[in-house]
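One structure below.
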Amino acid sequence: MQVKEDRSLLSLISDLTQETYTLVRKEVALAKAEMSQKVSQLGSGVASIAIGGAVAFAGMLVLLDAVVAKLTEVLPADMAAWLSPLIIGAIVAIIGLIMLMKGKSNLEAQNLMPQRTLNSLQRDKDLAKEHKDMAREQFAKEQTR
């Protein structure tokens, strides 16, 4: 009877090893797929930002020129030539800095992490620990018989 239990335990260990190997392979495949998706998403986002930025830049130059011209009419004549572009330039620079900081935060590592894969790996780790503990308990029970 003891031989049959040992064979059963060896069979279980063999099955566990094979299933662990399969699980790791599938997790790696999931990580690759998710990272590929994230890289594609990143490339698409960067291209859109670059093209949109160039078009918006051209439009903003025209609009800013119009605002400077209008502000020149309102300011005193002796200061209008230099003060009008200075005021508009400062406002635009502040807005630009805010937009740059927002864009930088969107590209931080935590936003590009393969979160589904990390969550799945954590669940697998917890499950493996639970099964390891159960196997130890079962083995200890069998040893005391």
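Bear in mind these aren't lab numbers, they're just calculated from the coordinates by the rules spelled out. Nothing here was measured: the structure is a model prediction, and the numbers come from that model. Cβ sites come from the backbone with ideal geometry, for glycine too, and all protein chains shown count toward neighbours.
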Legend entry - Computed lengthening from GLN37 to ILE98, 0.36 nm per intervening residue step minus Cα-Cα distance: 19.1 nm
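What size of dipole, in debye to the nearest 20, comes out for segment 31-145 about its Cα centre when the only charges are +1 on Lys and Arg C-beta atoms and -1 on Asp and Glu C-beta atoms?
Numbers: 13 positive and 11 negative charges, 147 e Å.
The dipole magnitude comes to about 700 debye.
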Inset, instruction - Quick one: angle between helix 77-106 and the longest Cα principal axis of the chain, in degrees between 0 and 90, rounded to 10, please. - result: 10
Legend entry - For mean projected area of the Cα convex hull in nm², calculated from these coordinates, the label among (1) 10.3; (2) 9.2; (3) 13.1: (3)
Legend entry - Nearest-ten-degree value, helix 2-74 long axis tilted from longest Cα axis of the chain: 0
Legend entry - Options LEU23, VAL55, ILE95, ranked by Cα towards positive dipole end of the chain, top entry (Cβ charges): LEU23
Legend entry - Size of charge dipole - segment 20-73 - debye, nearest 20, with Cβ of Lys, Arg +1 and Asp, Glu -1, no other charges: 400
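Only helical DSSP H runs with n ≥ 4 go in: add -39500 (n - 2.57) per run for the chain, normalise by residue count and round the 222 nm mean residue ellipticity to 500 deg cm²/dmol. Walk me through the intermediate numbers first.
On the way: 3 runs with 133 residues, N = 145.
So the helix-based figure for the chain works out to -34000 deg cm²/dmol.
Starting from 0.36 nm per residue, how many nanometres of slack lie between THR22 and GLN143 once their C-alpha separation is accounted for?
On the way: separation 121, 0.36 × 121 = 43.56 nm, distance 2.99 nm.
Contour length minus the Cα-Cα distance gives 40.6 nm.
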